[in-house]
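Please read the structure below before turning to the comments.
The values are calculated or read from the model by the stated rules, or taken from the named source; none is laboratory data. As the structure is a computational prediction, the values presented were derived from the model and not from experiment. Every residue, glycine among them, receives a Cβ derived from its backbone with ideal geometry; neighbour counts consider all protein chains shown. Just so you know, the surface numbers come from the protein's heavy atoms only, side chains and all, with ligands and any DNA or RNA stripped out. Shrake-Rupley method; radii C 1.70, N 1.55, O 1.52, S 1.80 Å.
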Amino acid sequence: QAHAKVWHLYNDHFRPTQRGKVSIALSSHWIKPQRMTEKNIKDCQKSLDFVLGWFAKPIFIDGDYPESMRSNLSSLLPEFSETEKKYIKGTADFFALSFGATLSFQLLDSHVKFQQLESISLRQLLYWISSEYNNPQIFIVENSWFVSGSTKRDDAKYIYYLKKFIMETLKAIRYDGVNVFGYTVWSLLDGFEWHRGYSIRRGLFYVDFQSHDKKLMPKSSVLFYQKLIEKNGFPPLPENQPIEGIFPCGFAWGIVDNYIQVDTTPAQFLDSNVYVWDVYQTKKLIKVDGVFTSKRKRHCVDFAAIRLQISLLQEMHVTHFHFSLKWSLILPLGNLSLINHTLVHYYQCFASELLRVNITPVVALWQPMAENQELPVSLAKYGAWENPETIQAFVDYAKFCFTSLGDHVKFWITMNEPPVKNLTYTAGHNLLKAHAKAWHLYDKEFRRSQKGKISIALQADWVEPACPFSRNDQAVADRILEFDIGWLAEPIFGNGDYPQVMRAWLHRRNSVDLYNFHLPYFSEDEKKLIQGSFDFFALSHYTTTLVGWEKEDALKYDHYLEVQMINDITWLHSPSRAAVVPWGLRKLLKWVKSKYGNVPIYVMANGIDDDQNMVHDKLRVYYIQNYINEALKAYTLDSVNLQGYFVYSFNDKTAPKYGLYSYVANRYEAKPSMKHYREIIDNNGFPGPETPELLCPEEIASCPECHFFRTRKSLLAFISFIFVAFIVTIVFITYYSKRVERRYK
């Protein structure tokens, strides 16, 4: 009633001359149902009625309280007379909303949530207000989030919540038709936050409460908000717009399956027993005892699982297929004393069948998995990569693989995605030496005859400073890149030793910590051995991470590296919460080029999980489209020597939720993402009307027929013998038949 009287006062006596506006600012939350039931939805409506509708409905609708309040509170809620209702109704020139300032998340009294879930979706609240109160003009008069009281000026968390709220406001305007005409950040400077005291901060300006003069210092959020105001929102950035163009001739379009489906079950044709079909009684085959047929040699066609996988790969139109061998199964004892020849033959057949259909096999010797890191048990039991003896065991294993598979495999990976997050420095040290020795072994003994190439594949997710205006955050991002990528990359692709940033940081930590993090040293001979042991730079890239130096969230803070992991809540995320950040791939490729020169680069794995229950994997389609386009930018605009791109993963059977093929009821079905990737492969990128035609020379590759005969020399010799014998027989028959004719004449 007081508000209504003031509004009428202004409307009757001041508006004609001052021409202003008057309203009341109402604070609200947003609530969503625990389950989509009618009761829960009604409870959500009731929650909003009790908090926002209590004041909003009398003013914006009919002058009276919400019906849900009347039915729940009965006599506790005062009555308005009909005159009062008419007097209160319509006493607002706009809807003034406060969200996230007074009723901060999880501070709402639990009894007005009615057992439903509180949410921070400003967009949904704006749409509800628009629908509930006849599309009023809305002015957001207070909106913000908060950071820890210990956070100083690099308030990244505050920035990304602010970004989220303003983006949601823009979406409500553009997509939902909500009439929002103003936005106000809360608040200008840090202050006393009522019952939370000084434990949190909300200001755009930092205040040191312990100082005498309480000087105001701008935070990173000030710069962010200032630039946002200058741009009046989020205009499309030129560097984020898709481009048209195509990749070079011979570009490797690939797919990844970490471990191919291995089924060495003998085919029925290898069974030497004789059977009788009981067609009258059991309807089954009955083995005849004591009767056998002659045994024959195994052939690749006996493996039915290979034919199916090859046909799916052909359907995709890929040129390369990347998979890993299982060291622990090929050499179960970790040495050559016991060899799984059946499995080796399966791999030989798989590689040869790939070549037969013009798909290049890309084979990794070792890829770590959870159980024993995919090492033979004898090696895993005695220290794994911590044990120097594993180095020579790996070299022996590599030599066996080069010898057994080298005729079919010309594209080798020594180690695929070594787990730097779980490696000790000693293990990483030995792993590098094992890689280098395997590379030199191939270079000296196999390269000339097999004419292949070999390198290591590193996982390389991009790391971006959380506050783009902060030098401290940039320093943290640079440090993480060196620890995550440079640790194994710098000795191979750089100067033969670990990054100086790592050594300096560990020296500093060791001087203040109780634990001694020892980064081993290479001898001069070892540096020469490791440096340059590559033919290309292979990397796996999946996502981008934001990092900062201000400690904000203890659960996501790395004390060892003094880094805070930050989440941009406006980014797209997969069901497993992996961020979809296409421009991170381009930045990574540029970083590799700037660090290690114009080295040939292959993106050996790039993919995202999606909901397995979804028929259309729209997120993966978007992911593949935009990540490949960023790779094209790196190639065309940044002159990165990009040679190939591989999608992860082949199918859901071996990599659930990541596959381009679903696997249900023993059947493979192509997802929309597979068809979209195939279209990009067929176009060799994203050609436009003005894209010049790329005339690629015909590849002088071995034809499938030639490969068929080359791998079956004994069969070819036998056929040749039969053919020659047939011709000789015909000649003799003709010759003697003519002699007989002459005799009778």
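Overview of results
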{"read-out": "Antiparallel DSSP beta bridges within the range 569-688, as percent of all bridges there, nearest 5", "value": "55 percent"}
{"read-out": "Heavy atoms of HIS111 accessible to a 1.4 Å probe, total area in Å² rounded to 10", "value": "130 Å²"}
{"read-out": "The range 319-326 - phi-based ³J(HN,Hα) in whole Hz, Karplus 6.51/-1.76/1.60, Gly and Pro as x", "value": "9, 9, 9, 10, 9, 10, 7, 9"}
{"read-out": "Efficiency of FRET from Cβ geometry, TYR736 and SER272, R₀ 51 Å, rounded to 0.05", "value": "0.75"}
{"read-out": "Amide H within-cut-off set for LEU572, under 5 Å, with H built and near neighbours excluded", "value": "VAL580"}
{"read-out": "Residue pairs, from the table LYS437/LYS528; LYS326/LYS399; LYS421/LYS528, whose Cα atoms sit over 20 Å apart", "value": "LYS421/LYS528"}
{"read-out": "Angle in degrees between helix 583-596 and the longest Cα principal axis of the chain, rounded to the nearest 10", "value": "60 degrees"}
{"read-out": "Within the accessible area of the chain (1.4 Å probe), percent carbon and sulfur", "value": "56 percent"}
{"read-out": "Largest to smallest accessible area among VAL728, VAL274, VAL580 [probe 1.4 Å]", "value": "VAL728, VAL274, VAL580"}
{"read-out": "Using alpha-carbon coordinates, inclination of helix 341-356 to the longest axis of the chain, degrees", "value": "80 degrees"}
{"read-out": "Mean Cβ count within 10 Å, highest first, over the residues of peptides 24-31, 468-475", "value": "24-31, 468-475"}
{"read-out": "Contour excess over end-to-end distance, with Cα ends at ARG70 and HIS518 and 0.36 nm allotted per residue", "value": "154.3 nm"}
{"read-out": "Per-residue SASA entry for SER449, accessible area with 1.4 Å probe, Å² rounded to 10", "value": "90 Å²"}
{"read-out": "Shape of the range 385-424, Cα gyration tensor, a/c cut at 1.5", "value": "oblate"}
{"read-out": "Long-range amide H partners of PHE411 with built H, under 5 Å", "value": "VAL363, LYS453"}
{"read-out": "0 to 90° range, to nearest 10: angle between helix 672-683 axis and the chain longest Cα axis", "value": "70 degrees"}
{"read-out": "Other-chain or far-sequence residues with amide H under 5 Å of ILE566's (modelled H)", "value": "LEU546, VAL547, GLY548"}
{"read-out": "Ranked order, THR342, THR414 - accessible area, probe 1.4 Å, largest first", "value": "THR342, THR414"}
{"read-out": "At R0 = 56 Å, FRET efficiency that the Cβ-Cβ distance of LYS551 and ASN666 yields, to 0.05", "value": "0.65"}
{"read-out": "Estimated 222 nm signal from helices in the chain, with DSSP H stretches of n ≥ 4 weighted -39500 (n - 2.57), rounded to 500", "value": "-11500 deg cm²/dmol"}
{"read-out": "Out-of-range pairs (alpha-carbon distance over 26 Å; input LYS21/LYS86; LYS171/LYS231; LYS164/LYS657)", "value": "LYS164/LYS657"}
{"read-out": "Read-out Cα extents along the principal axes in Å, derived from the coordinates shown; its label in (i) 141, 74, 59; (ii) 78, 63, 58; (iii) 81, 74, 65", "value": "(i)"}
{"read-out": "Inter-label distance for ALA305 and LEU285, nm, one decimal - labels placed 7 Å from Cα along Cα-to-Cβ", "value": "2.0 nm"}
{"read-out": "Rel. contact order, % - alpha carbon contacts under 8 angstrom, at least six apart, the chain", "value": "11 percent"}
{"read-out": "Backbone HN-Hα couplings from phi across the range 94-102 [Karplus 6.51/-1.76/1.60, Hz, Gly and Pro as x]", "value": "6, 9, 8, 10, 10, 9, x, 9, 7"}
{"read-out": "Percent RCO, i.e. relative contact order, over the range 372-525, from Cα pairs under 8 Å lying at least 6 residues apart", "value": "21 percent"}
{"read-out": "Within straight-line cross-link reach of LYS675, aspartates and glutamates at Cα separation under 14 Å, skipping those fewer than 8 residues along the same chain", "value": "GLU315, ASP617"}
{"read-out": "FRET efficiency, SER81 to ARG471 (Cβ-Cβ, R0 41 Å, nearest 0.05)", "value": "0.05"}
{"read-out": "Distance between the range 610-684 and the range 188-254 - C-alpha centres, whole angstrom", "value": "32 Å"}
{"read-out": "The range 487-567: relative contact order as a whole-number percent, Cα under 8 Å and 6+ apart", "value": "25 percent"}
{"read-out": "Lysines with Cα under 17 Å of LYS113, excluding same-chain neighbours fewer than 8 positions away", "value": "LYS32, LYS39, LYS42, LYS46"}
{"read-out": "For the range 1-235, the Rg and Dmax computed from alpha carbons only, in angstrom", "value": "19.5, 57"}
{"read-out": "Net charge of Cβ neighbours under 15 Å - reference SER130; Lys, Arg +1; Asp, Glu -1", "value": "+1"}
{"read-out": "Per residue accessible area of the chain, 1.4 Å probe, in Å²", "value": "52 Å²"}
{"read-out": "Peptide ranges 173-180, 49-56 listed from the most packed, as the mean C-beta count within 10 angstrom indicates", "value": "49-56, 173-180"}
